[in-house]
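Undergrad: Please see the structure below; I have some questions.
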Amino acid sequence: MSRLVHDGPLIIGGGLAGLSAALSAAPRPVLVISPAPLLEAASSAWAQGGVAAALSADDAPSLHLKDTEAAGAGLVDHGAAKALTADGRATVEWLASLGAPFDRDASGDFAVSLEAAHSRARVARVGGDGAGRAILSALVASARAADHVTVWEGARLRTLIQDATGRVVGAAIEKDDDLIEVIAPAVVLATGGAGGLFGRTTTPVALKGEGLGLAWAAGAEILDPEFVQFHPTAIDVGLDPMPLATEALRGDGARLIDAGGRYLLGPEPDADLKARDIVARAVHAAVAEERGAFLDARAAIGEHFPQAFPAVFAACMAVGLDPRLSPIPVAPAAHYHMGGIVADPDGRTTLPGLFAVGECAATGVHGANRLASNSLLEAAAFGRRTGHAAAAETSRQRGIVRSGPMIDDLPPEALAELRAAMSADCGVVRDAAGLTRLVALIDRLEAAHGAPPALVAARLIAEAALARRESRGGHYRSDHPATAPSPTHTRLRRDLAVVQAAA
């Protein structure tokens, strides 16, 4: 193994969070590791809704904060969420300054849309449903032009490196069939979520929680891994991953119906704009009962569909479905992981030298249920803060350097079995029998294939879901449907069993 000593942050991940951190670390030299070419296999590039921020005269960060805390079902960290929502407008303006082409109103200000569980229209969009890719494209161009940023595309994190004190001092990176030990004063994990662990997902299937698994193996604290958000309107046409039908469609009046044309959540105009967990369970029930679930945009969007929501329109037309003429078949799918590596708004984890940002991190801003379009805001806002903080780190390596477990892939048949079981037994509706069956499967796969970080991440999610005997936010237990009177967090460390502590 060769060694490279890098005098600046080593950032693992080239999505919105990772590139926001990279750009904000200037003038320190930054090395960004991306397993795929930039813009590919990043969840942020697939995001359709936009960036939530208080941008209108009738809105305020305090209102955004209130909505965020209400959605999070008692587990939102007030200080972190206040920092996030206070930075909303500045973050959108920063993204726009880099070239993100946000939709504008007649006066030139940011055009905003309404999404579920928001009390105000506050989602800044791009071309209706193209926000993620357009925003990330602007950051990719800025990163490629930045003198202080070097990007290794087609390179992959294999393990973290720690010194004798436990400080993270670098990572082993596989590049061009070589293994390179990169020593750096700060390592930033921006590795994305864990949607690829589920057979029904809207995220890139390559995102399997491996950063989460490696951080846990290194001794970092993990927060609330059981909380997975299932998007209620993934387009159900047999594709993997499932195309997404953005929530903004319902914000513009599209309705959820069954095969008989009956409303799934009631006839009230705002019935389909409840929190995502409520809507997802209604869609799940309709599918499970074989009534079917469909998103009907014929009246609300109609002939404007190609211009208003070009990404969704293209996804439908690619499978021979014209949403101007027919309702869109939908089903819930794993969409976002609220849990993750414990990190503060500056990305600092419980391990010195290790930072985490974006979906792999758990800063507390999402609690038990993420408010729509807060994820892109968090990635950019906290990505900027993390870049500043990581750039301030200096080399402090002490003693013997040791490497953790190498990332190995599960064989394809084992991964397929795991993904099917995660969706079946750790999906929208969970119970002890299914979760126990899932943990037994993970035990069997581990006995056969060892403990690759993806399997570690699946175990963290499944065992925490089994331990949480209540229903809260994105975690619903049919055998424990009530919400406990006092909210508690799940905190996990390698040297501890599942521990629940007061929120």
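Undergrad: Quick check on the exposure proxy: order Asp344, Asp103, Asp129 from fewest to most C-beta atoms within 10 angstrom.
TA: Details: Asp344 21, Asp103 16, Asp129 26.
So the residues, fewest neighbours to most, are Asp103, Asp344, Asp129.
Undergrad: Tell me, what HN-Hα J-couplings in whole Hz come from the Karplus equation 6.51 cos²θ - 1.76 cosθ + 1.60 at θ = phi - 60° for each residue of region 163-179, using x for Gly and Pro?
TA: For region 163-179, the Karplus curve yields 8, 5, 8, x, 5, 7, 10, x, 7, 8, 10, 8, 9, 6, 6, 10, 9 Hz.
Undergrad: How do Ser24, Ser34 line up, fewest other C-beta atoms within 10 Å first?
TA: Details: Ser24 20, Ser34 24.
Going from least to most buried by this count: Ser24, Ser34.
Undergrad: Let me ask something else about it. Relative contact order for region 23-177: what is it in percent, counting Cα pairs under 8 Å that are at least 6 residues apart? Please report the intermediate quantities before stating the final value.
TA: Values: 238 pairs, mean separation 53.6, N = 155.
Taking the mean separation of contacting Cα pairs over the length of region 23-177, I get 35 percent.
Undergrad: OK, next. Using amide H atoms built in the peptide plane, which far-off residues or other-chain residues are under 5 Å from Asp296 H to H?
TA: For Asp296, whose amide H was placed from the backbone, the distant partners under 5 Å are Arg255, Leu256, Ile257, Ile328.
Undergrad: Additional query: Is the C-alpha gyration tensor of region 373-503 telling us rounded, prolate or oblate? Criteria: a/c under 1.5 is rounded; beyond that, a/b larger than b/c is prolate, otherwise oblate. Don't jump to the answer; show the numbers that get you there.
TA: On the way: a/c = 1.87, a/b = 1.24, b/c = 1.51.
Oblate is the answer for region 373-503, as a/c is 1.5 or above yet b/c matches or exceeds a/b.
Undergrad: Additional query: Among the complete DSSP H segments of the chain, which ones combine at least 24 Å of alpha-carbon extent along their axis with a mean Kyte-Doolittle hydropathy of 0.5 or more? Before the final figure, lay out the partial values.
TA: Working: long enough: 374-391 (25 Å, -0.02); 432-449 (25 Å, 0.70).
Qualifying helices, which must be both long enough and hydrophobic enough, are 432-449.
Undergrad: Quick one: plug the Kirkwood hydrodynamic radius of region 229-334 (C-alpha pairs) into Stokes-Einstein at 10 °C, 1.306 mPa s, and report D in µm²/s. Write out the running numbers ahead of the final one.
TA: Numbers: Rh = 13.4 Å.
Answer, rounded: 118 µm²/s.
Undergrad: May I pose another question? Would you please give the residues with an amide H less than 5 Å from that of Val151, counting only those at least 5 places away or on a separate chain, with H modeled from the backbone geometry?
TA: Close amide H contacts, sequence-distant or interchain: Val32.
Undergrad: Could you compute the net charge surrounding Thr91? Neighbours are other residues with a C-beta less than 13 Å from the C-beta of Thr91; K and R count +1, D and E count -1.
TA: Working: positive: Arg89, Arg122, Arg384, Arg385; negative: Asp87, Glu93, Glu378.
Net charge around Thr91: +1.
Undergrad: If you don't mind, another one. Just from its helices, what would the mean residue ellipticity at 222 nm be for the chain, if runs of 4 or more DSSP H residues each count -39500 (n - 2.57) and the sum is divided by every residue, rounded to the nearest 500 deg cm²/dmol? Could you put the intermediate results ahead of the total?
TA: On the way: 15 runs with 162 residues, N = 503.
Helices in the chain give a 222 nm mean residue ellipticity of -9500 deg cm²/dmol.
Undergrad: For the residues Lys208, Lys175, what sequence is obtained by ranking on other C-beta atoms within 10 Å, fewest first? Mind dumping the intermediate values first?
TA: Details: Lys208 30, Lys175 14.
Ascending Cβ contact count within 10 Å gives the list Lys175, Lys208.
Undergrad: Can you tally the net charge around Ser395? Count Lys and Arg as +1, Asp and Glu as -1, for every other residue whose Cβ sits under 14 Å from the Cβ of Ser395.
TA: Values: positive: Arg3, Arg28, Arg167, Arg396, Arg398; negative: Asp7, Asp163, Glu393.
My count for the surroundings of Ser395 gives +2.
Undergrad: Right, next: Mind checking which aspartates and glutamates have their Cα closer than 13 Å to the Cα of Lys274? Skip sequence neighbours fewer than 8 apart in that chain.
TA: Asp67, Glu115, Glu247
Undergrad: Taking the Cβ of Gly219 as the centre, find all other residues whose Cβ is under 15 Å away and add up their charges (Lys, Arg: +1; Asp, Glu: -1).
TA: Details: positive: Arg167, Arg348, Arg402, Arg491, Arg493, Arg494; negative: Asp163, Glu221, Asp495.
It works out to a net charge of +3.
Undergrad: Then there is this: For region 229-334, what's the relative contact order in percent, using C-alpha pairs closer than 8 Å and at least 6 residues apart? Display every interim value, and only then the final one.
TA: Numbers: 177 pairs, mean separation 40.7, N = 106.
Relative contact order of region 229-334: 38 percent.
Undergrad: Could you list which residues have their amide H under 5 Å from that of Ala484, counting only those 5 or more apart in sequence or on another chain, with H placed in the peptide plane?
TA: Those qualifying (amide H under 5 Å, at least 5 residues apart or on another chain) are Ser471.
Undergrad: Out of all DSSP beta bridges in the chain, what portion is antiparallel? Express it as a percent rounded to 5. Write down the numbers at each step before the final one.
TA: On the way: 42 of 65 bridges.
Among the beta bridges of the chain, antiparallel pairing accounts for roughly 65 percent.
Undergrad: Could you order peptides 386-396, 288-298 by the average number of other Cβ atoms within 10 Å of their residues, highest first? Please list the in-between numbers first.
TA: Details: 386-396: 20.2, 288-298: 18.1.
My ranking of the peptides, most packed first, is 386-396, 288-298.
Read-outs: derived from the displayed coordinates by stated rules, not from any lab. Treat the numbers as computed from the prediction; the structure is a model and nothing was measured. Here the Cβ is made from the backbone with ideal geometry for all residues, glycine too, and neighbour counts use every protein chain on show.
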